[in-house]
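Undergrad: Take a look at this one; I'll ask things after.
The values are calculated or read from the model by the stated rules, or taken from the named source; none is laboratory data. Here the structure is a predicted model, which means the values were calculated and not measured. Ideal geometry is used to build each Cβ from the backbone, glycine not excepted, and the neighbour counts take in all protein chains shown. Ligands, DNA and RNA are excluded from the accessible area calculation, which covers all protein heavy atoms including side chains. Shrake-Rupley method; radii C 1.70, N 1.55, O 1.52, S 1.80 Å.
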Amino acid sequence: MISHSYDELLKSKHRLAMLLFFFLNSATALFSMVYPPEGASSMPFPLVLIFGLCGAGLIFSFFSKKNYSAHLNMCSVIVGLLWGWQIAFRFAEISQTDKNYLLVSLLSIFFISAIALSDNFLAFCLHAVPSTICVIFLDDFEHIGRILFTVSLPLIGLWLHHLMLKRSDEFTRRMLSNLYSEREKFSDLSMLDPLTGLYNRRGLQNKLETLFNQASGHYVMLLDIDHFKAYNDNYGHTMGDQALVRVSAAIRDAVRSRDVVVRYGGEEFLVLMSNVKQEHAVRMAERIQNKVLGLNIPHLFNAQVSTHVTVSAGLAALEEGDFIQALGKADTSLYNAKNSGRNKIFYAWEEETVEASIEERMA
């Protein structure tokens, strides 16, 4: 995600560079038409073409949200060739009256390239080289040393600047990748679920390591929000997250401070109770169920679904430190509770006790 965000930032940067490129070229062309040199035509065809193309490119790039940086090189060479044509055209008109025209024109083109294309060395060259070659030929190679020196300095400077930017970009990407990896690592090490604030599975594992140093009477309870997929489909995932937060708070409020409450899955919760008797564990499950029902969270998906959010629960004793076995029994009880119509509690002790508890709740 971080890498994707950084790529989006670079795309935005390239788009701004393209806007600046079109703006500087169109502004320079407009200035040359408004203030032509003495004895020169005000609207030569190459200049009009530069102004029209760059003006259209500026408007199109401004209103378009797509990334056109891949076309920057092509635009640079086209506009660069047009400027070479414009220099040759204008030089034919004023060569006898303005001896410095070629040098001034070349410096103007390099100014545009340096400002707009400092981050793209290839586009810089494609924009500036046609004018440079044109000036050298028009000058009859008379001042080639001076021209090449004038050209080579910004070329070398921009090339070095390009290398530094490239290394900086690679370093930034590497740092972002490392930061993302570290964030993922610490997220995995976190023992709390970021949405509900309850323990996650890592937090549960940490609690299990100290659980068996406590007194006996451990019970595992699995709870699942009934028809939660239907709730998400009907109300949306944002409302689903809010329901998860409210249900998790209700579960936390219904148990004792010593009990461990875990967000075990998407809409599944686990409560680990210690130093409690069987009847108290059952009463705890009923209290949780009543607390959740008392939230009065509407659930009006269809006639088969309850009009409010409810939970089903499976409860099992944790014997001889075998958490996996207790979890399996609680999961089976939860499965039976949901298959029996939901909003039910099933217990995983002796068969007769299960049946008696169900008959007692139905009565």
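Undergrad: So which pairs qualify, if the first residue must be in the stretch 139-161 and open to solvent by less than 100 Å² (accessible area, probe 1.4 Å), the second must be at pLDDT below 75, the Cβ gap must be under 9 Å, and the two must be at least 6 apart or on different chains?
TA: Partner pairs satisfying both residue conditions: 139/147.
Undergrad: Looking only at the stretch 295-305, which residues are open to solvent by 50 Å² or more (accessible area, probe 1.4 Å) and either of a type outside the set (Phe, Trp, Tyr) or at pLDDT 90 or above (or both)?
TA: Of everything in the stretch 295-305, those that are open to solvent by 50 Å² or more (accessible area, probe 1.4 Å) and either of a type outside the set (Phe, Trp, Tyr) or at pLDDT 90 or above (or both) turn out to be 296, 298, 300, 302, 303, 304.
Undergrad: Here is a follow-up. Any residue at all in the stretch 314-324 that is outside any strand (DSSP E or B) and open to solvent by less than 20 Å² (accessible area, probe 1.4 Å)?
TA: No, every residue in the stretch 314-324 fails to be outside any strand (DSSP E or B) and open to solvent by less than 20 Å² (accessible area, probe 1.4 Å).
Undergrad: Considering (1) at pLDDT 90 or above; (2) open to solvent by 70 Å² or more (accessible area, probe 1.4 Å), say which one residue 54 fails and leave the rest.
TA: (2)
Undergrad: Looking at the stretch 265-277, can you tell me whether even one residue there is among the charged types (D, E, K, R) and over 15 Å from residue 223 (Cβ atoms)?
TA: yes
Undergrad: Next question. Looking only at the stretch 8-28, count how many residues are closer than 22 Å to residue 82 by Cβ and open to solvent by 80 Å² or more (accessible area, probe 1.4 Å).
TA: Count: 1.
Undergrad: Which members of the stretch 255-287 meet the condition of being surrounded by fewer than 20 Cβ atoms within 10 Å (Cβ to Cβ) and either modelled with pLDDT of 95 or more or not in a loop (DSSP other than H, G, I, E, B) (or both)?
TA: 260, 268, 278, 279, 280, 283, 286, 287
Undergrad: Next question, about the same structure. What's the total number of residues in the stretch 132-177 that are within 46 Å of the chain's Cα centre (by Cα) and outside any helix (DSSP H, G or I)?
TA: Within the stretch 132-177, residues that are within 46 Å of the chain's Cα centre (by Cα) and outside any helix (DSSP H, G or I) number 0.
Undergrad: Would you please name the residue that is surrounded by the fewest Cβ atoms within 10 Å (Cβ to Cβ), looking only at residues in the stretch 214-239 that are hydrophobic (A, V, I, L, M, F, W, C) and under 15 Å from residue 269 (Cβ atoms)?
TA: Looking at the filtered set, the residue picked out is 228.
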